[in-house]
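Trainee: Mind looking over this structure? Questions follow.
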Amino acid sequence: MTLYTTLDSPLGELLLVGEESATAPGGTALASLSVPGQKGGATVQDGWTYAPTAFAGIAHQLRAYFDGELTRFALAYAPSRGTDFQQRVWQALEAIPYGSTTTYGKIAADIGAARGAVRAIGTAIGANPLLVVRPCHRVIAANGSLSGYAGGPARKQQLLGIEGAWPELR
């Protein structure tokens, strides 16, 4: 069964979508986390069940992250629906430490993709259904600029500021 709730955050009202899971803490595996106006973000569908209590543990971790008290999420994810390439890119995102950044080229190298695959890496990152918790905001351009982010550049800068990874916001 697909469950959802919303959560107020410094980024705006987040939409959390999950699947019931017997093995996930709290019984809910996170499938999607979207911000308002996100390119390709989830929207509530017919048949989904509004279940705020099912996301209590996830919401607690998100609030702690936004308050600067949590540096690593401990969440169960619903099985991702991405391609094998996207899965490899998303796994590489999870290895980027809190408070640091990497580049699209470094992600390509980390997953064994050709250097010219930077655009494909960006596309895979843009399809990440788990903004914030799968830290695609930590990927910047080789020249140090913020470059793209499905949630918008202001939110990317805000997240990097929370983590102390963007000098202008320290």
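The values are calculated or read from the model by the stated rules, or taken from the named source; none is laboratory data. Because the structure is predicted, anything quoted here is derived from the model rather than measured. Methodologically, a virtual Cβ is constructed for each residue, glycine included, from the backbone with ideal geometry; neighbour enumeration extends over all protein chains shown. Ligands, DNA and RNA are excluded from the accessible area calculation, which covers all protein heavy atoms including side chains. Shrake-Rupley method; radii C 1.70, N 1.55, O 1.52, S 1.80 Å.
Trainee: Could I get the Rg over Rh figure for the range 34-73? Both from C-alpha atoms, Rh via Kirkwood, rounded to two places. Before the final figure, lay out each step's value.
Mentor: Details: Rg = 12.9 Å, Rh = 12.2 Å.
My calculation of the ratio gives 1.06.
Trainee: For the chain, report the accessible area per residue in Å² (1.4 Å probe, heavy atoms, rounded to an integer).
Mentor: So the chain comes to 50 Å² accessible per residue, rounded to a whole number.
Trainee: Of all accessible surface on the range 13-170 at a 1.4 Å probe, what whole percent is carbon and sulfur?
Mentor: Whole-percent figure for carbon plus sulfur exposure: 52.
Trainee: Given a Förster distance of 30 Å, report the FRET efficiency between ASP67 and LEU146 from their Cβ-Cβ distance, rounded to the nearest 0.05.
Mentor: 0.85
Trainee: While we're on this one: When only alpha-carbon atoms are used, what values of Rg and Dmax, in angstrom, describe the range 1-120?
Mentor: Values for the range 1-120 (Cα only, Rg and Dmax): 15.8, 45 Å.
Trainee: May I pose another question? May I ask for the angle, rounded to the nearest 10°, between helix 56-66 and the longest principal axis of the chain, with both axes built from Cα atoms and the value confined to 0 to 90°?
Mentor: On a 0 to 90 degree scale, this one is about 30.
Trainee: From zero up to wherever the largest Cα-Cα distance of the range 1-40 sits, split into 5 Å bins and tell me the percent of pairs in each.
Mentor: That works out to 7, 24, 27, 21, 13, 8, 1, in percent per bin.
Trainee: Counting only C-alpha contacts under 8 Å and six or more residues apart, can you give the relative contact order of the range 1-114 as a whole percent?
Mentor: Computed value for the range 1-114: 22 percent relative contact order.
Trainee: In whole Å, how far is the Cα centre of the range 50-69 from that of the range 112-163?
Mentor: Using only Cα atoms, the two centres lie 23 Å from each other.
Trainee: Work out, in µm²/s and without decimals, the Stokes-Einstein translational diffusion coefficient of the range 46-170 at 37 °C, 0.692 mPa s, Rh from Kirkwood over C-alpha pairs.
Mentor: Roughly 213 µm²/s, to the nearest whole number.
Trainee: Which is farthest toward the positive dipole end of the chain among GLY161, ALA117, THR53, measuring Cα position about the Cα centre, with Cβ charges +1 (Lys, Arg) and -1 (Asp, Glu)?
Mentor: Comparing the listed Cα positions along the dipole, ALA117 ranks first.
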